[in-house]
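The values are calculated or read from the model by the stated rules, or taken from the named source; none is laboratory data. Computed from a prediction, not measured in an experiment: that's the story for all the values here. Positions of Cβ are backbone-derived with ideal geometry, glycine not excepted, and every protein chain shown enters the neighbour counts. For accessibility, only protein heavy atoms count, side chains too; no ligands or nucleic acids. Shrake-Rupley method; radii C 1.70, N 1.55, O 1.52, S 1.80 Å.
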Amino acid sequence: MTTVEVFAPAKINLSLHVTGRRADGYHLLDSLVAFADTGDRLQITPGADLSLTVSGMFAKGVPQDARNLVWRAAEGAGWRGQIALEKSLPHGAGIGGGSSDAGALLNALAGQGVVFPDSLALSLGADVPVCMTASAARMQGIGEEITPVALPRLPALLVNPGVEVPTAAVFSALTSRDNAAMPAEVPLFDGVADCAGWLSAQRNDLEPAAIKLAPQIDRALSDLRRSRDALMARMSGSGSTCFALYPSMKAAHFAAYEIGAEHPDWWCVATELH
């Protein structure tokens, strides 16, 4: 039996506009998504039975049964075997950890010739289809409309203040669900400063609701915005991870050092988004 190792990168919502709500309760989104060079890793080995083990920095509290999206992805694809998941990303953090894990697994299975319904990814969650692309894209609708976008490589710092924010609670706390979409066209950017300037005019409509539920997010955003050379800062997804963009990786690493020294219990990772 051959073991395959796959990488599941962190998904970062550079913008996230909530543009409506369908009659069935699903929210309509317009989001510019990028992926980081940091993430989880999975090892998959075909076998007679399905099993999942979880290790790594953020293994605590991660289910190892059908509550885990990876397990449900394997079941949905009709695959059996051993899955070893190394969790390097915090969960409940707005960076698509579970969705990226599931997307990476489905990509690996497809690469091995496993055939599964096209609808499987979206049935697992709105972020799973875009996580299967693992490259910059505009995500619209309820997650099913994905358009590739050309982005420069974006030096960034990811910060999580160590609090989980339930996605459902954030959506429930929204005061407005019918907001303006992003501009019709995402421009071609001339470097990171140009991209950050355009993003500054966009929004994450979930940010105010998430801050009400977890005020630590506001502190993380404040620290990022005050960090040296920060071009812009925003919360990702439904929180609680926040990010800032910088003109260089050197600047991102310096900010990681400064914020990490002040908050040693926070998760701080300098990375590139693309």
Problem set entry | Solvent-accessible area per residue, Å², over the stretch 1-76 with all protein chains present [probe radius 1.4 Å] | 46 Å²
Seminar exercise, completed: Scaled by the rule-of-thumb 2.2 N^0.38 Å, the alpha carbon Rg for the chain gives a ratio of 0.97
Seminar exercise, completed: A convex hull over the alpha carbons of the stretch 19-156 yields, per residue, a volume in Å³ of 124 Å³
Exercise. Say R0 is 22 Å: what FRET efficiency, to the nearest 0.05, do D118 and I142 get from their beta-carbon distance?
Worked result: 0.90
For this session: Return the carbon/sulfur percentage of the accessible area of the stretch 10-96, one whole number, probe 1.4 Å, all protein chains in place.
Result: 49 percent
For this session: For the stretch 141-150, just list the computed ³J(HN,Hα) in residue order, Karplus coefficients 6.51, -1.76 and 1.60, θ = phi - 60°, integers in Hz, with x standing in for Gly and Pro.
Result: x, 9, x, 8, 9, 10, 10, x, 10, 8
Exercise. Could you give the accessible area per residue of the stretch 126-274, probe 1.4 Å, as a whole number in Å²?
Worked result: 44 Å²
For this session: Would you mind classifying the stretch 125-274 by shape? Square roots of the alpha carbon gyration tensor eigenvalues, ordered a ≥ b ≥ c; an a/c under 1.5 is rounded, otherwise it is prolate if a/b is larger than b/c and oblate if not.
Result: oblate
Problem set entry | Phi to ³J(HN,Hα) by Karplus 6.51 cos²θ - 1.76 cosθ + 1.60 over the stretch 162-173, Hz, x for Gly, Pro | x, 10, 8, 10, x, 4, 4, 5, 5, 4, 5, 8
Seminar exercise, completed: The percentage of the accessible area of the stretch 97-178 (probe 1.4 Å, all protein chains present) made up of carbon and sulfur atoms, to the nearest whole number, is 54 percent
For this session: Quick one: accessible surface of T53, probe radius 1.4 Å, all protein chains present, in square angstrom to the nearest 10.
Result: 80 Å²
Exercise. Using the alpha-carbon centroid of each, what span in Å lies between the stretch 28-68 and the stretch 146-187?
Worked result: 21 Å
